[in-house]
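Down below is the structure, laid out as structure tokens.
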Amino acid sequence: MFTGPSTYASEVDSIMLFIVASSVALLLIITVVMIYFVFRYNKKRNPVAENIEGNTPLEILWIAIPTVLVMFMFYYGYVAFADIRAVPANSLKVKVLARMWSYSYEYENGKQSDTLFLPNGRATKLDLISADVNHGFFVPAFRIKEDVIAGKINYLVLNPKELGSFDIACSEYCGLNHSLMYSKLVVIPDADFKKWLSDMPKDTIKIAGK
């Protein structure tokens with residue numbers, strides 16, 4: 001199992017390794033069999049073509065194995081996806097407002113920031129809101145992305161497991177300065193986060209209409 005800044009990141013990396021390893025194994029098996037058939041059944045060794053009968057157990061096997069592999073990929077992919085959709089009862093809640101071409105964040109007590117500060121080891125539900133066009137909230141280090149759709153509130157759950165600063169990008173083309181639409185996720189100890197959250201600026205303004 002890989003390690004990473006979140007449980008989700010390690011799950012995604014493990015699933016990706018499983019898919020790549022399965023694909024490479026199948027590629028090698030098929031390639032070896034093809035090369036064998038090229039030499040075993042070439043024209044020089046078999047000047048007269050023979051009628052080859054079917055092999056029912058073999059045909060069942062080459063259908064069953066890929067089917068089982070695909071079902072494993074689906075299952076583990078779904079388990080990892082469920083982690084960003086399940087909202088724990090005690091989760092922190094943050095509104096994420098995406099606009100051309102920046103992100104802003106509003107916490108439950110009304111505090112706003114252009115940097116997403118989160119406590120380490122605590123799940124956070126992010127409500128994703130667009131002020132204009134469609135965006136894509138993307139945290140590469142967490143292997144996590146969710147669409148931010150105009151006129152609809154999407155959400156995802158982050159559960160940081162490592163202190164540090166991580167890039168937040170927009171993964172959907174949203175206009176001229178799309179490539180400049182970056183922000184930061186800063187994961188800090190829970191005690192430091194509570195202190196930061198309680199330090200309210202006097203001019204805090206809530207996201208209009210949200």
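The values are calculated or read from the model by the stated rules, or taken from the named source; none is laboratory data. Just so it is clear, the model here is predicted, and its values are computed rather than measured. Cβ: placed from backbone, ideal geometry, glycine included. Neighbour counts: every protein chain shown.
At-a-glance table
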item	result
Restricting the stretch 175-193 to residues that are under 18 Å from the mean Cα position of the chain (by Cα) and touching a residue at least 24 places away in the same chain (Cβ under 8 Å), the residue that is nearest to Glu11 (Cα to Cα)	Leu185
Count of residues meeting criterion [surrounded by fewer than 14 Cβ atoms within 10 Å (Cβ to Cβ) and either touching a helix residue (DSSP H, G or I) at 6+ places or on another chain (Cβ under 9 Å) or polar (S, T, N, Q) (or both)] in the stretch 174-203	3
Of all residues making up the stretch 126-174, the number that are at positive phi and touching a residue at least 60 places away in the same chain (Cβ under 8 Å)	2
For Ala80: the one exception among (1) exposed (fewer than 12 other Cβ atoms within 10 Å of the Cβ); (2) closer than 19 Å to Lys125 by Cα; (3) among the small types (Gly, Ala, Ser)	(1)
Residue among Asp132, Asp127 that alone is closer than 13 Å to Cys170 by Cβ, surrounded by fewer than 20 Cβ atoms within 10 Å (Cβ to Cβ) and not basic (Lys, Arg)	Asp132
Enumeration of residues in the stretch 103-124 that are of a type in the set (A, V, I, L, M, F, W, C) and either touching a Pro at 6+ places or on another chain (Cβ under 8 Å) or under 20 Å from Tyr173 (Cα atoms) (or both)	Leu118, Ala123
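Okay, residues lined up against (1) at pLDDT 90 or above; (2) not aromatic (Phe, Trp, Tyr):
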site	(1), (2)
Ile60	yes, yes
Tyr76	no, no
Lys95	yes, yes
Pro119	yes, yes
Phe138	yes, no
Ile149	yes, yes
